[in-house]
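All remarks here apply to the structure that follows.
The values are calculated or read from the model by the stated rules, or taken from the named source; none is laboratory data. If you're wondering where the values come from, they're calculated on a predicted model, not measured in any experiment. Cβ atoms come from the backbone with ideal geometry, glycine included; neighbour counts cover every protein chain shown.
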Amino acid sequence: MKFALIGCGRIAINHIKAVKNNKLELIALCDLIPSHIDLLIDKTEINTNVLKYTDYKKMILEHSEIELVAIATDSGMHAEIALFCIDHGLNVIVEKPMAMSMVDATKMLNHSEKKGVKLAVCHQNRFNLAVQEMRTALDSGRFGKLSHGSINVRWNRNRAYYEQATWRGKWTSDGGSLMNQCIHGIDLLRWMMGDEIEEVYGVTKQQFHDYLECEDIGVAILKFKNGAIGTIEGTVNVYPKNLEETLYLFGEKGTVKLGGTSCNNIDIWNFSNITDDDKKKAGLQEETSNVYGNGHTSLYADMLDAIKNNRQPYVDAYAGKNALEIVLAIYKSQLIGQPVKLPLKDFASSEMTGMFGEGSM
């Protein structure tokens, strides 16, 4: 299948690895800054004859043979680019968050269905070995009734990180620690505990990153319709480096903790009906080269199969919208100082402008 990548920054290496592992035919690379394309080519040793563009519209209009596009630009451009690609009949893989507003996310979802193309969102940690084991245990009823669960993303992002790209830490183009770093874990928590949520109450603050517009710490409580309670902690204030991303799930018959830097390890695996196989799972560790994990390759493989067999991708637009909805609900809760009822239909991160000042970068 012929493929093009739009956005050649920090996460692009994982996309190129997935392209190679799935034997896609890379036609073109696009980035507003040409040097980003050259650097990506050098780092990944891809074909130096690949076409290079700074205008994604021109690239798409000039190459009708492209069938699949991945979007890895600044978050604020995801919706605009995706809608253009969908309008031209392309299947799309979009990095998280899929959009910066509920309206745009809904447009992307509806438009992809109307055009009959596939839209997948990069919540690639769903493919982690540890996460898949937890999901299998959940689906087979081993937890029993769920009591509560939590996601804790305790990472470090310093000023040097934010200075790598001017769009980072801004309400219209990025969001803060919840939208950028914690949304993967938020996706996992909602997916595991039940997608139906009644109410979200959140508090966010900017403790150390006064040169940004957005939060560097956020916490929230979720009330699920199935009676379970979820908690979220997402921060980039951990000194001096990334500490952990941990997902806990507590049920009447089981307790599981996934750990590591990206929920890639099984730290605790306790069930009332322990088997010999369970003893092997406790302590599972999946080696990863970075906090993004290994899931992009599996996500791409699933997307290709979804296109071939005309089915929904494993991580579809509904999943991306659900994760975005929680982050935006937390933001709205901070803005109004009250819990927020779901579904959330029309809130955008831009409505948080001025919450912590305008930054100084």
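Quick one: Ser140 ticks every box in (1) outside the structural domain of Leu304 (by TED's automatic domain parsing); (2) of a type in the set (S, T, N, Q); (3) under 19 Å from Arg190 (Cβ atoms) bar one, so which box is it?
Here Ser140 clears every test but (3).
Kindly provide the set of residues from the stretch 309-355 that are farther than 24 Å from Asp195 by Cα and either buried (at least 19 other Cβ atoms within 10 Å of the Cβ) or acidic (Asp, Glu) (or both), ordered by number.
Scanning the stretch 309-355 gives Glu351, Met352.
Take Ile186 and tell me if it is under 30 Å from Lys253 (Cβ atoms), among the aliphatic types (A, V, I, L, M), in contact (Cβ under 8 Å) with a residue 12 or more places away in the chain and part of a helix (DSSP H, G or I).
Here the answer is yes, as Ile186 does meet what is asked.
Which of the residues belonging to the stretch 109-142 are without any contact (Cβ under 8 Å) to a residue 40 or more places away in the chain, assigned to a helix (DSSP H, G or I) and of a type in the set (Ser, Thr, Tyr)?
Within the stretch 109-142, Thr136 is the sole residue that qualifies.
Residue-by-condition table, conditions (1) more than 15 Å from the chain's Cα centre (by Cα); (2) in the same structural domain as Asn310 (by TED's automatic domain parsing); (3) of a type in the set (A, V, I, L, M, F, W, C); (4) within 16 Å of Val121 (Cβ to Cβ):
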| site | (1), (2), (3), (4) |
| --- | --- |
| Met59 | yes, yes, yes, no |
| Glu67 | yes, yes, no, no |
| Thr73 | no, yes, no, yes |
| Ala82 | yes, yes, yes, yes |
| Asn91 | yes, yes, no, yes |
| Glu95 | no, yes, no, yes |
| Met102 | yes, yes, yes, yes |
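Each row is one residue, and each column tells you yes or no for (1) surrounded by 24 or more Cβ atoms within 10 Å (Cβ to Cβ); (2) modelled with pLDDT under 95; (3) more than 18 Å from the chain's Cα centre (by Cα).
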| site | (1), (2), (3) |
| --- | --- |
| Trp167 | no, no, no |
| Thr172 | no, no, no |
| His184 | yes, no, no |
| Gln207 | no, no, yes |
| Gly227 | no, no, yes |
| Tyr239 | no, no, yes |
| Thr246 | no, no, no |
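With (1) under 30 Å from Asn226 (Cα atoms); (2) surrounded by fewer than 23 Cβ atoms within 10 Å (Cβ to Cβ); (3) modelled with pLDDT of 95 or more as the list, and Tyr211 as the residue in question, which single condition is left unmet?
(1)
Based on what the data block shows, is Lys279 free of Cβ contacts under 8 Å to residues at least 60 places away in the same chain, in a helix (DSSP H, G or I) and farther than 24 Å from Met1 by Cα?
Considered against the rule, which asks whether it is free of Cβ contacts under 8 Å to residues at least 60 places away in the same chain, in a helix (DSSP H, G or I) and farther than 24 Å from Met1 by Cα, Lys279 comes out as yes.
Being touching a Phe, Trp or Tyr at 6+ places or on another chain (Cβ under 9 Å) and crowded, with 16+ Cβ neighbours inside 10 Å is the filter here; which residues of the stretch 136-157 pass it?
Ala137, Arg142, Phe143, Leu146, His148, Gly149, Ser150, Ile151, Asn152
What do you reckon, is Asp174 charged (D, E, K, R), part of a helix (DSSP H, G or I) and in contact (Cβ under 8 Å) with a residue 24 or more places away in the chain?
Against the criterion (charged (D, E, K, R), part of a helix (DSSP H, G or I) and in contact (Cβ under 8 Å) with a residue 24 or more places away in the chain), Asp174 does not qualify.
Here is a check on your reading of the model: is Leu129 over 27 Å from Asn237 (Cβ atoms) and of a type in the set (A, V, I, L, M, F, W, C)?
Considered against the rule, which asks whether it is over 27 Å from Asn237 (Cβ atoms) and of a type in the set (A, V, I, L, M, F, W, C), Leu129 comes out as yes.
Please go through the stretch 152-180 and pick out each residue that is out of contact with any helix residue (DSSP H, G or I) (no Cβ under 7 Å at 6 or more places or on another chain) and closer than 17 Å to Gln334 by Cβ.
Of everything in the stretch 152-180, those that are out of contact with any helix residue (DSSP H, G or I) (no Cβ under 7 Å at 6 or more places or on another chain) and closer than 17 Å to Gln334 by Cβ turn out to be Lys170, Gly176, Ser177, Asn180.
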